[in-house]
Amino acid sequence: MAFDREMKKFYTDQLEQIREGNLYKQERKILSAQYADIDVEHPKGVRSEGIINICSNNYLGMSNHPEVIIAARDILTTRGYGMSSVRFICGTQDIHVELENKMSLYLGMDDTILYSSAFDANLGVFEALLDEDCAIFTDALNHASIIDGTRLCKAKKIRYANNDMDDLQLKLEEERDYRIKLIVTDGVFSMDGTVAKVDKICELAKMYKALVMVDDSHATGFMGKTGRGTHELMNVMGEVDIISTTFGKALGGASGGCISGRQEIIDILRQRSRPYLFSNSISPVVVGGVLKVMEMIMHSSERKEKLDRNTQFWKNGLQEAGFILTSTQSPIVPVMLFNAKLSQDFSKTLYEEGVYAIGFFYPVVPKGKARIRTQISAAHEKHHLEKALDAFIKTGKKYGILGKSREEIIEMYPISDKL
Amino acid sequence: MDEMKDVVLKYVINEYLEDEDEVLTYETPLISGGIVDSFSMVSLKRFLENKYKISIPDDKATPEAFDSVTKIVKLVNEFLK
Amino acid sequence: MAYSDKIRNIYTSTIDEIREKGIFKQERYIHSSQAADIEVEFPTGSALKKVINMCANNYLGLSSHPDVIKAAHEGLDTRGYGMSSVRFICGTQDIHKELERKVTEFLGTEDTILFPSCMDANAGVFEAILTKDDVMISDRLVHASIIDGIRLAPAMHDTFKHSDMAHLEEKLQLHADKRLKVVITDGVFSMDGDTAKLDEMVALCEKYDAMLFVDESHSSGFIGKTGRGTHEKYGVMGKIDIITTTFGKALGGASGGCVSGRKELVEMCRQKARPYLFSNTIAPVVVSGVNTVLDILSKSTERRDKLEKNTEFWRKGLTEAGFVLKDGDTPIVPVMLFNAKLSQDFSKALYEEGIYAIGFFFPVVPQGQARIRTQISAGHEIHHLEKALEAFIKVGKKFDILGKTKQEIIAKYGQ
Ligand SMILES: Cc1ncc(COP(=O)(O)O)c(C=O)c1O
Ligand SMILES: Cc1ncc(COP(=O)(O)O)c(C=O)c1O
């Protein structure tokens, strides 16, 4: 150890720069369970109750559904708290295998392998399947975990413009000579709420003999007619070779993720994928909860339908009020504000009105595209959304942006990434 | 030249061989033979740079150029001039 | 999609190769909670068998301890099941902060940041705190997750021979001109059960102006007089700049990990570590359990003391019976068999005797160093260990290796 004054200063300076660049991330402490409304301590020492949460990934409202809690309680009693082992030593219970089978059935895939998180799933999938003679075609807006997974893999990485099928085709045309080619995309892009053209991707994949991988973390459980994901939405079930998804969002929100896919691919991952081989098994209590979530959504699409209705109501309400939205096709509904400081101020005012939603700005989204990202949940009741809408309208009026065009807003709040 | 060969050979043996009985010659493939992984190449490069007061640009420090003691010595000599 | 026959064949033949090499990994399904006694379905489809588990990381026997279960139940009731958010959006509860504070106190550091797993902590920490002007110098036997973290970091990487302090010093000299230097080691090495010489490493780091990183996954909770870890054992608490550890082993075994250390380094992780920024927060039910685990451990050393006694009993029993062990005093007790096939057959025979322990062989351990790795728990009672010892002796006799030296065993079974 030699954490001397010089090193300390080195890091203190960097942190200062992050603050000055307004990139400093600050947590708000939640004092309740995750619901449509929550109790929050923010700023430090100030407690507010009944804040409407409109920025969680709790799309189906399962994070604290009473039936899920009961299932988790039961499993705690019968299968314990932790496994203290990786899967292949002594960390596999019958319920882990049961969950894998359920996921395969639900997603319409051959087999499934669980990971501690979807982050880890994406971290471990590429290296296990592809070597330096292979190529990965990756969407420019793919999630950080996919980027890290591809960084750990020796295959050639080829980026194509976001959801741009012409560009993808061009790249596939240019880069032909690889043993295995894999196209990878997020199913729903989390910053815009747009859906990847998975149907077109599958078509191109057939033409150019490539595998298709979709990360449906923001889709599994609620996109498509029965909620199976973007492959159902786009009518290509059975044509996607690899799906990665998370239990950390719609499917209960506790933790864990998985890769679902062709039999041989899952078999290889079980032999070679590092996060599976070298990290602890998902805890039984979490598995118990997800099993219940899966049982519920396989049985009925009631919650997904409620989510759809809520999303429609919310989008209509915002649009009628005169907000500018992205061309979202999902419960991710970004309200465009363009100016970074405006997005921060807007979020602050909303919080004063009892609504919790976060501003996103560069570098999380491109320059000049700052926004408030709202995420709708089946846990929201009409009254939550009505109250949130009132707060948005009130705040929108305050900043004088209702009914204004993009150009008008930018004129009032010139684009700058300074806060 | 031969002196340099022995210096490099000795370093590789000390640094990378786990099994003392293994025989290493000037021509033994180091990287393609799995004795030095691409990670460890970095420290080998650094050792050479420090020892011979040279600087090997990254685009010259290829696995091929590092694949045997003979090749390494050839590379180092290029930069000694 | 183009999952052609060509692609299928590529993967099928890879799997066949793995099978032929005899390194195919097969899961055994457990139908009970994790404990000293478990019920196992193995091979798949066969009737359940009650066996003694000798290979879990459940060192303190807390994985299904009633107090921990009770705390998890309460956590479920008051803070729910999932958070459905990353930490900095809406995924931080008061109990997450409480856990960070408790870990900081327990490890004797300045601050702590939680990650979904220690794998993620290791994968994210180096990239968050280092640049291309820096160097990472790691022990050659560090855990796979550290290797992945190193691979993701922009800094230069070099290694030193396992626990070889002279070699480490050479490397520190070689890289003297780098802006920041980090020396990286596991506290307890999981395959051999030996400990890193942290006192010597601290001295070297001070001499050469380097930071010290220690992964305490196999030590937190039970190594050192009050179980704080390897840094306590070597009298260097407060001198480790970065500690990573897991809640997935001794500390309840559910999931989660953390980076604990210098305040500024932890803060850098909060701003930049990708698995922290881009992966879900730890589930409240899990956090509640770990909070209680740390309360239990801070109050009394009873469980680690029992683990120590169990470990002594087990090491002594095996040594007296004539097995070749790896030296050490941690609850990781490798029984050396050298030959890969022997280690698998031995494991199978043990299982028939009602003992669950796994054979490890290349590439998990070096060629010719195959072994059964046993791991002792405070959840074991003496009667478990006695029964396990009997089984080991019986199987040892069957394969005729008791009292034999390394050379004799190798002569008999090959390497
Ligand atoms: C030394 C070491 N570090 C990290 C890990 C990973 O911990 P986790 O299971 O929390 O990902 C392990 C466990 O396998 C380990 O042995
Ligand atoms: C597209 C995508 N993939 C993967 C992840 C990571 O999921 P997890 O929280 O299970 O690590 C996320 C969540 O942040 C995501 O949005």
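Please work out which residue is farthest from the other protein chains (Cβ to nearest Cβ), limiting yourself to region A:165-179 and to residues that are touching a residue at least 40 places away in the same chain (Cβ under 8 Å) and over 16 Å from A:Ile201 (Cβ atoms).
So, considering only residues that are touching a residue at least 40 places away in the same chain (Cβ under 8 Å) and over 16 Å from A:Ile201 (Cβ atoms), the one farthest from the other protein chains (Cβ to nearest Cβ) is A:Tyr178.
Of all the residues that make up region C:365-384, how many are surrounded by fewer than 18 Cβ atoms within 10 Å (Cβ to Cβ) and farther than 19 Å from C:Pro331 by Cβ?
Total meeting the criteria: 3.
Out of (1) within 11 Å of another protein chain (Cβ to nearest Cβ); (2) closer than 30 Å to C:Ala357 by Cβ; (3) without any contact (Cβ under 8 Å) to a residue 40 or more places away in the chain, what's the single condition that is false for A:Arg151?
Every listed condition holds for A:Arg151 apart from (2).
If you take just the helices (runs of 4 or more DSSP H) that sit entirely in chain B, which of them hold at least 1 residues that are modelled with pLDDT under 85 and loosely packed, with under 12 Cβ neighbours inside 10 Å? Give the derivation first.
Numbers: elements: B:2-16, B:38-52, B:69-80.
Result: B:2-16, B:38-52.
Need pairs with beta-carbon distance below 7 Å; first residue closer than 26 Å to A:Gly359 by Cβ and assigned by TED's automatic domain parsing to the domain that holds C:Cys269 and within region C:70-90, second assigned to a helix (DSSP H, G or I) and within 16 Å of ligand 1 (Cβ to nearest atom); sequence gap 6+ or separate chains.
That search, which allows pairs on different chains as well, returns C:Arg87/C:Tyr276.
Which pairs do you get when a residue that is farther than 16 Å from C:Gly253 by Cα, found in region C:28-39, comes within reach of a residue that is assigned to a loop (DSSP other than H, G, I, E, B) and at pLDDT below 95, reach meaning Cβ atoms under 9 angstrom, with the pair 6+ apart or on two chains?
Within 9 Å, the pairs are C:Arg28/C:Phe42; C:Arg28/C:Pro43; C:Arg28/C:Thr44; C:Tyr29/C:Phe42; C:Tyr29/C:Thr44.
Looking at (1) touching a Lys or Arg at 6+ places or on another chain (Cβ under 8 Å); (2) assigned to a helix (DSSP H, G or I); (3) more than 19 Å from A:Thr150 (Cβ to Cβ), find the lone condition where A:Met237 falls short.
Of the numbered conditions (1) touching a Lys or Arg at 6+ places or on another chain (Cβ under 8 Å); (2) assigned to a helix (DSSP H, G or I); (3) more than 19 Å from A:Thr150 (Cβ to Cβ), the odd one out for A:Met237 is (2).
Could you say whether any residue in region C:182-204 is surrounded by fewer than 20 Cβ atoms within 10 Å (Cβ to Cβ), of a type in the set (Ser, Thr, Tyr) and more than 13 Å from chain A (Cβ to nearest Cβ)?
No, region C:182-204 contains no residue that is surrounded by fewer than 20 Cβ atoms within 10 Å (Cβ to Cβ), of a type in the set (Ser, Thr, Tyr) and more than 13 Å from chain A (Cβ to nearest Cβ).
If you take the residues in region C:131-148 that are away from ligand 2 (no atom under 16 Å from the Cβ) and under 23 Å from A:Tyr276 (Cβ atoms), which one is surrounded by the fewest Cβ atoms within 10 Å (Cβ to Cβ)?
C:Ala144
Please state which one of C:Lys171, C:Lys178 is in contact with a strand residue (DSSP E or B) (Cβ under 9 Å, 6 or more places away or on another chain) and part of a loop (DSSP other than H, G, I, E, B).
Testing whether each residue is in contact with a strand residue (DSSP E or B) (Cβ under 9 Å, 6 or more places away or on another chain) and part of a loop (DSSP other than H, G, I, E, B) leaves just C:Lys178.
Of everything in region C:23-59, what is in a loop (DSSP other than H, G, I, E, B) and touching a Lys or Arg at 6+ places or on another chain (Cβ under 7 Å)? Give them in sequence order. So that I can check it myself, show each step before the final result.
At the first step, the residues of region C:23-59 found to be in a loop (DSSP other than H, G, I, E, B) are C:23-28, C:31-36, C:42-48, C:54-59.
Residues satisfying the conditions are C:Lys25, C:Glu27, C:Ser33, C:Phe42, C:Cys55, C:Asn57, C:Tyr59.
Taking the criterion of being within 17 Å of the chain's Cα centre (by Cα), within 7 Å of chain A (Cβ to nearest Cβ), surrounded by 24 or more Cβ atoms within 10 Å (Cβ to Cβ) and within 16 Å of ligand 2 (Cβ to nearest atom), would at least one residue in region C:264-275 satisfy it?
no
Working only within region A:116-147, note down all residues that are of a type outside the set (A, V, I, L, M), out of contact with any Ser or Thr (no Cβ under 8 Å at 6 or more places or on another chain) and crowded, with 22+ Cβ neighbours inside 10 Å.
Result: A:Phe137, single match.
A:Ala128 is checked against (1) in contact with a strand residue (DSSP E or B) (Cβ under 9 Å, 6 or more places away or on another chain); (2) more than 9 Å from every other protein chain (Cβ to nearest Cβ); (3) more than 30 Å from C:Ile52 (Cβ to Cβ) and fails just one. What number does that condition carry?
Status for A:Ala128: all satisfied but (1).
If I ask for residues that are touching a strand residue (DSSP E or B) at 6+ places or on another chain (Cβ under 8 Å) and at the interface with another protein chain (Cβ under 7 Å from one of its Cβ atoms), which ones from region C:8-40 would you list?
C:Arg28, C:Tyr29, C:Ile30, C:His31, C:Gln34
Among C:Phe115, C:Phe88, which is the only one that is touching a strand residue (DSSP E or B) at 6+ places or on another chain (Cβ under 9 Å), within 16 Å of ligand 2 (Cβ to nearest atom), over 13 Å from C:Pro284 (Cβ atoms) and at the interface with chain A (Cβ under 7 Å from one of its Cβ atoms)?
Only one candidate passes the filter, namely C:Phe88.
Could you list, ordered by first residue, the pairs with Cβ atoms under 9 Å in which the first is in region A:52-74 and under 14 Å from A:Phe222 (Cα atoms) and the second is among the aromatic types (Phe, Trp, Tyr) and buried (at least 23 other Cβ atoms within 10 Å of the Cβ), at least 6 apart or interchain?
A:Tyr59/A:Phe222; A:Leu60/A:Phe222; A:Met62/C:Tyr81
Mind checking whether some residue in region A:297-314 is in a helix (DSSP H, G or I) and within 16 Å of ligand 1 (Cβ to nearest atom)?
no
Yes/no matrix, rows are residues, columns are (1) assigned to a strand (DSSP E or B); (2) under 18 Å from A:Leu60 (Cβ atoms):
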position: A:Asp192; (1), (2): no, no
position: A:Asp199; (1), (2): no, no
position: A:Met213; (1), (2): yes, no
position: A:Ala219; (1), (2): no, yes
position: A:Lys225; (1), (2): no, yes
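Taking into account only those residues within region C:55-72 that are within 15 Å of A:Ala72 (Cβ to Cβ) and either more than 7 Å from every other protein chain (Cβ to nearest Cβ) or of a type in the set (Gly, Ala, Ser) (or both), which is surrounded by the fewest Cβ atoms within 10 Å (Cβ to Cβ)?
Residue satisfying both the conditions and the ranking: C:Lys70.
Is there a residue being surrounded by fewer than 24 Cβ atoms within 10 Å (Cβ to Cβ), within 7 Å of chain C (Cβ to nearest Cβ) and within 16 Å of ligand 2 (Cβ to nearest atom) anywhere in region A:273-280?
The answer is yes; a qualifying residue exists.
The values are calculated or read from the model by the stated rules, or taken from the named source; none is laboratory data. It should be emphasised that the depicted structure is a prediction, and the values quoted were computed from it without experimental measurement. Ideal geometry is used to build each Cβ from the backbone, glycine not excepted, and the neighbour counts take in all protein chains shown.
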